[in-house]
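Where a number appears in this text, it was derived from the coordinates with a stated rule and is not lab data. All values derive from a computational prediction rather than experimental measurement. Quick reminder, even Gly has a Cβ in these numbers, built from the backbone with ideal geometry, and neighbours come from all protein chains shown.
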Number of protein chains: 2
Amino acid sequence: MPAPERTSLEAIVAAASDILEASGLDAVTMQAVAARVGVKAPSLYKRVADREALVRLVADTATERLATALERPTTLAEAARAFRAFAREHPRSFQLIFSASADPEILARASAPVLRIARDLAGEGDALNAARLLTAWAVGFVQMELAGAFQLGGELDEAFEYGLRGVERAITPR
Amino acid sequence: MPAPERTSLEAIVAAASDILEASGLDAVTMQAVAARVGVKAPSLYKRVADREALVRLVADTATERLATALERPTTLAEAARAFRAFAREHPRSFQLIFSASADPEILARASAPVLRIARDLAGEGDALNAARLLTAWAVGFVQMELAGAFQLGGELDEAFEYGLRGVERAITPR
DNA sequence: ACCTGAACACCGTTCAAGT
DNA sequence: ACCTGAACACCGTTCAAGT
C-alpha cells in the first residue's frame, strides 16, 4: 500500500544547513533534522545513507552557494571581498566547506572564477600557481579571522586590504 | 583513606593526542583515552572538566609543539617549509589547532617567530600586516593541501615554492 | 584522595510492523 | 512505498560506594 512522501531530500538538506548555521555542526543530529522536517529520525534513512552523508550534502550545497557568489566578481579585489563576505555571512558553512573536502566537480565550479582572474593577472603559464596562492591566502585569512586567531590587535580590514594588494603584486609579472 | 594516583593529566593529554593523530578526533572518546592510560572513563573527570576541555588541552599542546618547530628557522622560506612539514607530520593536530581557537598566550608564542621574520622583511610599520599575509597564505595552503582541495593537477611542491616567492615579494617594500 | 560500577540522558542506526 | 516505535550499541557525564 503506497504511503505519501512527507518530506524530501532537499528539505532535509535545507533543514540541516539551517541548524548548522544556527547552532553548529554538533547540533545537526538526525533527530533535530527530522523534527525540523516533521518526521522521525529513522525516516531520514530513506533519503540519506547516514549522518556523514547528510553532512557531506550540506557541505556540497554550501560549496555551490559559494561558487555562485564568486561568479559575479570580475577583479581580484571584488572576488576576495565576496569570498570574505560569504564567510562572514555563513561562518559555519564556510568552515565545513574547507574542512570536509567537497565534491571535486563542485569544487571545480567554485575554482573556475578564481582561475580566470588569476590567468588575467599572471598569464597562462602561471595561472594555476597564481590561483593557488590567491586561494590559499583568502582561505587562510578568513579561517583565522573566524577562529579568532588574529589577536595581536590592529585593524583586520586594513590587514585584509594590505594582503589583497600584496597578493595582486605577487602574482603580477614584473 | 588516600588512594595512589594511577595516571596524570600529562599522560591523559598525551594519550588523547596519540589517538587523535592515529584515528581522528571522533575516536578521541573518554573511554578510549581512559583505556589507554589504564583507567576507567569516570576517572578522567578528576583531572579534566569534560571532553571539550580535554580536546582544548590537546590543541594547546599541539600549538606549543608548532611554536617550538617555528623557533629555529630564520628566513621566511625556512619558516614556511617548517610549517608545512609540521602539518604533514601531524595533520590532525594541525587541523585542530586552526579550527578550535587556541589559548591566546600560546598563540602569541607561535606568532613571535613569524612576526620577527615579517618585520625583517617588511619593516616595523608593516610587520603585523605582513605577518598576517604570510600566516594566512601558509595556513590556507596547507589546509587545502590536507583537505585534498587542490585537485586541478600540477605540482603542489612547485605551487608552494611559487607562493613562497610571491609572498616574499608581496611583503618586501619596493 | 582517587577509582569504579551503575545509572541516566542522548545519539546513530536497524528493523519489524503499521498504513 | 514510506513512516514509526522499539530496540541496540555507544558515548558523555554524574555519583554513591569502595579502597
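Here the Karplus relation 6.51 cos²θ - 1.76 cosθ + 1.60, evaluated at θ = phi - 60°, turns the backbone of the range B:163-171 into coupling constants of x, 4, 4, x, 5, 4, 5, 5, 9 Hz, with x for every Gly and Pro. In this simple spin-label approximation, B:GLU168 and B:ALA32 carry label points 7 Å from Cα along the Cα→Cβ vector, and these lie 4.1 nm apart. For the options B:ALA59, B:ALA15, B:ALA35, a Gaussian network treatment of chain B with springs between C-alpha atoms closer than 10 Å singles out B:ALA35 as fluctuating the most.
A label point on B:ALA77, set 7 Å along the Cα-to-Cβ line, lies at 3.3 nm from each of its counterparts in the other copies, closest listed first. Comparing mean-square fluctuations of A:VAL55, A:VAL39, A:VAL114 from a GNM of chain A with C-alpha springs under 10 Å, the top value falls on A:VAL39. Helix-derived [θ] at 222 nm for chain A: sum -39500 (n - 2.57) over DSSP H runs of at least 4, divide by residue count, nearest 500? Calculated from helices alone, the mean residue ellipticity at 222 nm is -22500 deg cm²/dmol. Shape class of the range B:46-174 from the alpha-carbon gyration tensor: oblate, with a/c at 1.5 or above and b/c at least as large as a/b. The 3J(HN,Hα) values that the Karplus relation (6.51, -1.76, 1.60; θ = phi - 60°) gives for the range A:134-150 are, in residue order, 4, 5, 4, 4, 5, 4, x, 4, 5, 4, 6, 4, 5, 7, x, 8, 8 Hz. Gly and Pro appear as x. Label-to-label distance, A:ARG81 versus B:GLU105, with points set 7 angstrom from Cα along the beta-carbon direction: 4.1 nm. Sorted shortest first, the separations between the B:GLU52 label point and its copies elsewhere in the assembly read 2.6 nm; each point sits 7 Å from Cα along the Cα-to-Cβ line. Contact order, relative form, for chain A: 19 percent (alpha carbon pairs under 8 Å, 6 or more residues apart, mean separation divided by residue count).
Give the distance, in whole Å, between the Cα centre of the range A:3-38 and the Cα centre of the range B:43-68. Each part reduced to its Cα centre gives a spacing of 32 Å. Listed by chain and number, the aspartates and glutamates placed with their C-alpha closer than 20 angstrom to that of B:LYS46 are B:GLU5, B:GLU10, B:ASP60; residues fewer than eight positions away on the same chain are left out. For the segment B:80-89, counting C-beta atoms of other chains within 10 Å of every residue's C-beta and taking the mean gives 0. Peptide B:154-163 has a mean shielding of 4, counted as Cβ atoms of other protein chains within 10 Å of each residue's Cβ. Stretching B:GLU155 away from B:LEU25 to a fully extended chain increases their span by 43.8 nm, per 0.36 nm per residue minus the current alpha-carbon distance. Residue-level result for chain B: its Cβ closest to the axis carrying B onto A, with that distance in Å, is B:GLY140, 1.
Measure nothing but the geometry: give the 0 to 90° angle between the long axis through the Cα atoms of B:9-23 and the longest principal axis through the Cα atoms of chain B, rounded to 10°. Tilt relative to chain B: about 60 degrees. Packing order of peptides B:116-127, A:60-71, B:162-173, A:147-158, highest average first: B:162-173, A:60-71, B:116-127, A:147-158 (average count of other Cβ atoms within 10 Å over each peptide's residues).
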